[in-house]
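Everything on this sheet refers to the single structure shown next.
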Amino acid sequence: MLYTLKDLRNAVAHNNTVFDNRFHTSAINTRIGKYLETETGVRNITFYCIVDYIILVAYLMHALKCPRKDILSLIKSFESACETLYKSVSMPIYSSIVFTDTRNKLNQLKTFI
């Protein structure tokens, strides 16, 4: 899981683009996605979309016993950013960045939290 987050961390630290997942430098082990699916109940975690990284961070925060309100704050911030993007760009661009199952994944994640 830490190697999965490494590329995201480096992109954020060096102010690179993160929203479209061009930051990952190696293939992500599919067992990580399957494990997260089993633990959280969120389906189709592939790490092709930024929401899957949000799920991973939220899961790790939950495992580290972070306050529930802090985890939900992360999720709400992401939802707010998605809404801002939706209002700012055309639908084809938005759909290429934020996949159609994002809202379902976030709702399943909130249920887990």
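Residues of region 70-102 that are exposed (fewer than 14 other Cβ atoms within 10 Å of the Cβ) and in contact (Cβ under 8 Å) with a residue 24 or more places away in the chain: 96 alone. Cβ-Cβ under 7 Å, sequence separation 6+ or interchain: first residue in region 19-46 and on the phi > 0 side of the Ramachandran plot, partner of a type in the set (S, T, N, Q) and surrounded by 14 or more Cβ atoms within 10 Å (Cβ to Cβ). Which pairs? Hits for this filter: 41/108. For region 3-26, the condition holds for no residue, the condition being that it is modelled with pLDDT of 90 or more and surrounded by fewer than 17 Cβ atoms within 10 Å (Cβ to Cβ). Being within 25 Å of residue 95 (Cα to Cα) and either in contact with a Lys or Arg (Cβ under 9 Å, 6 or more places away or on another chain) or of a type outside the set (Phe, Trp, Tyr) (or both) is a property that holds for residue 17. Might you let me know whether region 66-86 holds any residue that is more than 15 Å from the chain's Cα centre (by Cα) and of a type in the set (Lys, Arg)? Taking every residue of region 66-86 in turn, at least one turns out to be more than 15 Å from the chain's Cα centre (by Cα) and of a type in the set (Lys, Arg).
Might you check whether a residue that is of a type in the set (Ser, Thr, Tyr) and within 16 Å of residue 1 (Cβ to Cβ) occurs anywhere in region 58-69?
Kept after step one, since they are of a type in the set (Ser, Thr, Tyr), are these residues of region 58-69: 59.
Among the residues that remain, those that are also within 16 Å of residue 1 (Cβ to Cβ) are: 59.
Yes, that holds for at least one residue.
The values are calculated or read from the model by the stated rules, or taken from the named source; none is laboratory data. All of these numbers come straight from a predicted model, not from anything done at the bench. In this analysis, Cβ positions are derived from the backbone assuming ideal geometry, glycine residues included, and neighbour counts consider all displayed protein chains.
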